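Just so it is clear, none of the values below were taken in a lab; they were calculated from the coordinates. Since we're looking at a predicted model, the values are computed, not measured.
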Amino acid sequence: MGSVAPEDRIRPGDHRRRVDHVVGDAVLLGYTSEARWLRYTHAHLRELFPYLPQQSGYNKRLRRLGTTLSWLVGVLARDTSLWTDDVWVADSTLVECARSREAVARSELAGWAEYGYCASHSRFFWGLRLHLVCTLHGLPVGFALTGAKADERQTLLGIFDADPELPAGRVNQIVIADRNYFGREFETELDQAGLELLRPARKGEKPRAGTAFFKPLRQVIESINDTFKGQLDVEQHGGHTPAGVWVRVV
């Protein structure tokens, strides 16, 4: 996205053209602050973008691109050879939205964001959870953004319900998850969708098949989450409204 062909450049006066290139470069160069990114672009990349919106216009265009970007994630995923991988990993990770009580009280995210507990960090937080279904190569094939207390099992089923083509036609598709993805009814619904669940046995359960083999693979999802947080700054999204948070996480 850093080098743009002349015919793809945003021309002066073309105020309705989407700012996909600007958004892409911001991610690649590690800018999480929109104000800083626009200042950098005005100072160093004007030859690539003859027309640049002000911050208010940038925010409006970015929010309008939410549906487009979500659709594009699915299109690009389906256009790779990794899409046919017969092993998926599923998990959720926190997306913090505020820390002070004052910020929580005045936030427009109230009602969606909520208090929850993160076992990995042994702390409570106020925000959302990003639920992911990925291949072992790190390709996200399904995702959802929910409140912090949302049931991981129901959210996973909701991901498949929202995109029926995702599990359709797959034979012996394996889903690796942690011990929180349990329950007879839950596993029955996965089985009816043609999905085989592998997870660690819970306390009091009999040993489950495949545990010795999938434990190292289970760490793949942790690496993916760490990439989103460490390199793509998913927790430093800077969104203040539901639409703003959604598009920045996408």
Notebook entry, point to check: Can you give me the relative contact order of the chain as a percent, contacts being Cα pairs under 8 Å and 6 or more apart?
Noted result: 20 percent
Margin query: Report the number of Lys pairs in the chain whose alpha-carbons are under 25 Å apart, with separation of 8 or more residues or on distinct chains.
Written below: 6
Check: What angle, in degrees between 0 and 90 and rounded to the nearest 10, separates the Cα long axis of helix 152-162 from the longest principal axis of the Cα atoms of the chain?
Finding: 70 degrees
Checklist line | Under 5 Å, built H, 5+ apart or other chain: amide partners of Ala193 | finding: none
Notebook entry, point to check: If you plug each phi of segment 56-72 into the Karplus form 6.51 cos²θ - 1.76 cosθ + 1.60 with θ = phi - 60°, what whole-Hz ³J(HN,Hα) values come out, in order, with x for Gly and Pro?
Noted result: 5, x, 4, 4, 5, 5, 4, 5, 5, 7, x, 5, 5, 5, 4, 5, 5
Next item on the list: Return the long-range amide H neighbours of Asp91 (sequence gap of 5 or more, or a different chain), with a cut-off of under 5 Å between placed amide H atoms.
Entry: Leu132
Next item on the list: Could you work out the per residue convex hull volume over the alpha carbons of the chain, in cubic angstrom?
Entry: 149 Å³
